[in-house]
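Enquirer: Mind looking over this structure? Questions follow.
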Amino acid sequence: MDFDTLFNAQLDALKEEGNYRIFANLERKCGNFPKAHNHSDGADEVTVWCSNDYLGMGQHPRVMQAMKDAVDKCGAGAGGTRNISGTNHAHTELEAELADLHGKEAALLFTSGYVSNWAALSTLGARLPNAVILSDELNHASMIEGIRHSRADKVLWKHNDVEDLDRKLAALPANATKIIAFESVYSMDGDIAPIKEIVEVAEKHNALTYLDEVHAVGLYGPRGGGISEREGVADRITLIEGTLGKAYGVVGGYVTGSVALCDFIRSFASGFIFTTALPPAVAAAAKTSIAHLKKSRLERDQQRRKVSRLRALLDREGIPHLENPSHIIPVMIKDPVKCRQIADILMEDFGIYVQPINYPTVPKGTERLRFTPSPLHTDEDIDHLVHALSQLWRQCALARAVA
């Protein structure tokens, strides 16, 4: 059998649909975020507009120095799993920092936010008696995979619809262990969950709450603890999951909760037990980033100003974007081929890098460009972006928003 023929047939279909992903070959410029050297076709230097390094902390001098110091002290890698090679002291320090961030007793590190969701949800669903996981219908793929792997019963509830959640909890058997899985900031539309109301429904039905704060940690709350900290309900949530790879600028994921909960996941989650630990240098850099953002509001305040400026200029030019209360600005194209074409022209002609978001990441007909302004984008960067988009809207005969 010619397997390559089978592979290429499906890849060709993906290309015809306009949903084939092309990765930009970029090299971030140290100390010059959000600029990057472009090794693909087009402008030599580009401005990155879709990074999840939301605050530019991946190039913060103190974060970089912490990583360099840890490499000099401990070397490059962790040496294996924490079970086999032992827990590096940097891991325990970071877990203490994370537990404090969310006001929890304990925390547990993973190699990515994807893995922490997959491992924690699959373990909870598989090992808790008569578990039923009630999942928001727009939850991230990592949560969906964790739920699927758990083989627990799953109930979908309408996105951010607390009344629907309440009805579906009430319909479950009395002996069910109820687990509500949801996110705070949803990364494609940028909308925010009604966390307080969800917690109240959970308490009414004696359900465990599992909150993914990956697009909120570092960005919201007085110390960057996320939407749950901002709303004052973190102490009422059973498990808060987050990432080190977005606002904190490095890599890794984690869960926080009670000592018993974190020990339970540590002891039974294959995604923790059999995975090589984060390098100590990454842990040290993450700890420094978290500690800095607990005290500094500068980065968050500057980011909000940039987000507001970009939204205002898009409105002035009639460029349609989803209104939401977060830092994520989805500019709607609603056509996969045009979405790809516009992204290519922005890169080649204007030195602007933004990745088109097409199916299956978003539903067909809702294709978009997802912009994430950072504190380090200048006003000139924003003006240049809006000017480029306005030109392309005219060239491509796209509908403008009506004021």
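The values are calculated or read from the model by the stated rules, or taken from the named source; none is laboratory data. Everything numeric here is computed off the predicted structure, so don't read it as measured data. We place every Cβ from the backbone using ideal geometry, glycine too, and count neighbours over all the protein chains shown. Ligands, DNA and RNA are excluded from the accessible area calculation, which covers all protein heavy atoms including side chains. Shrake-Rupley method; radii C 1.70, N 1.55, O 1.52, S 1.80 Å.
Enquirer: Using the structure shown, decide if L124 is over 21 Å from G245 (Cα atoms), open to solvent by less than 20 Å² (accessible area, probe 1.4 Å) and hydrophobic (A, V, I, L, M, F, W, C).
Expert: For L124, the condition - over 21 Å from G245 (Cα atoms), open to solvent by less than 20 Å² (accessible area, probe 1.4 Å) and hydrophobic (A, V, I, L, M, F, W, C) - is met.
Enquirer: Filter region 141-157 down to the residues that are in a helix (DSSP H, G or I) and not polar (S, T, N, Q), then identify the one that is farthest from A176 (Cα to Cα).
Expert: A141
Enquirer: Now, a different point. Confirm whether N139 is of a type outside the set (A, V, I, L, M) and within 20 Å of I237 (Cα to Cα).
Expert: Taking the combined requirement at face value, the residue satisfies it.
Enquirer: Among what's in region 293-314 and is in contact (Cβ under 8 Å) with a residue 24 or more places away in the chain, open to solvent by less than 40 Å² (accessible area, probe 1.4 Å) and not hydrophobic (A, V, I, L, M, F, W, C), pick the residue that is nearest to A216 (Cα to Cα).
Expert: R300
Enquirer: Scan (1) more than 30 Å from D235 (Cβ to Cβ); (2) crowded, with 20+ Cβ neighbours inside 10 Å; (3) modelled with pLDDT of 95 or more for the single condition C50 breaks and write down its number.
Expert: With (1) more than 30 Å from D235 (Cβ to Cβ); (2) crowded, with 20+ Cβ neighbours inside 10 Å; (3) modelled with pLDDT of 95 or more applied to C50, the lone miss is (2).
Enquirer: Of everything in region 203-219 that's more than 21 Å from the chain's Cα centre (by Cα) and closer than 20 Å to N117 by Cα, which residue is surrounded by the most Cβ atoms within 10 Å (Cβ to Cβ)?
Expert: Applying the filter and picking the extreme gives A207.
Enquirer: Do any residues in region 189-208 that are over 25 Å from L219 (Cα atoms) have Cβ atoms under 6 Å from those of residues that are assigned to a helix (DSSP H, G or I) and of a type in the set (A, V, I, L, M), where the two are at least six apart or on different chains, and which pairs are they?
Expert: Going by the 6 Å Cβ cut-off, the qualifying pairs are V201/V162; V201/L165; H205/L169.
Enquirer: Could you please give the count of residues in region 149-195 that are in contact with a helix residue (DSSP H, G or I) (Cβ under 7 Å, 6 or more places away or on another chain), open to solvent by 30 Å² or more (accessible area, probe 1.4 Å) and farther than 30 Å from K246 by Cα?
Expert: 1
Enquirer: Another question, if that's okay. Just give me the residues in region 266-287 being surrounded by 22 or more Cβ atoms within 10 Å (Cβ to Cβ) and in a helix (DSSP H, G or I), in sequence order.
Expert: Passing the criteria: G271, F272, P280, A281, V282, A283, A284, A285, A286, K287.
Enquirer: Which residues, taken from region 267-319, are among the aliphatic types (A, V, I, L, M) and more than 30 Å from T81 (Cβ to Cβ)?
Expert: L298, V307, L310, A312, L313, L314, I319
Enquirer: Among the residues of region 233-253, are any crowded, with 24+ Cβ neighbours inside 10 Å and among the hydroxyl-bearing types (S, T, Y)?
Expert: The answer is yes, given that some residue of region 233-253 is crowded, with 24+ Cβ neighbours inside 10 Å and among the hydroxyl-bearing types (S, T, Y).
Enquirer: Let me ask something else. Taking region 18-33 on its own, how many of its residues are closer than 14 Å to L376 by Cα and surrounded by fewer than 17 Cβ atoms within 10 Å (Cβ to Cβ)?
Expert: 5
Enquirer: Now, a different point. Quick one: is A90 touching an Asp or Glu at 6+ places or on another chain (Cβ under 9 Å), surrounded by 13 or more Cβ atoms within 10 Å (Cβ to Cβ) and either of a type in the set (G, A, S) or at pLDDT 95 or above (or both)?
Expert: So A90 does not fit the description; no.
Residue-by-condition table, conditions (1) of a type in the set (A, V, I, L, M); (2) touching a residue at least 12 places away in the same chain (Cβ under 8 Å); (3) out of contact with any strand residue (DSSP E or B) (no Cβ under 7 Å at 6 or more places or on another chain):
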{"position": "Q10", "(1), (2), (3)": "no, no, yes"}
{"position": "G31", "(1), (2), (3)": "no, yes, yes"}
{"position": "A36", "(1), (2), (3)": "yes, yes, no"}
{"position": "G80", "(1), (2), (3)": "no, yes, yes"}
{"position": "L101", "(1), (2), (3)": "yes, yes, yes"}
{"position": "K104", "(1), (2), (3)": "no, yes, no"}
{"position": "W118", "(1), (2), (3)": "no, yes, yes"}
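Enquirer: I'd like the full set of residues that are in a helix (DSSP H, G or I) and open to solvent by 70 Å² or more (accessible area, probe 1.4 Å), limited to region 315-327.
Expert: D315, R316 - these are the residues of region 315-327 that are in a helix (DSSP H, G or I) and open to solvent by 70 Å² or more (accessible area, probe 1.4 Å).
Enquirer: For I290, are the conditions met, namely being outside any helix (DSSP H, G or I) and open to solvent by less than 30 Å² (accessible area, probe 1.4 Å)?
Expert: Against the criterion (outside any helix (DSSP H, G or I) and open to solvent by less than 30 Å² (accessible area, probe 1.4 Å)), I290 does not qualify.
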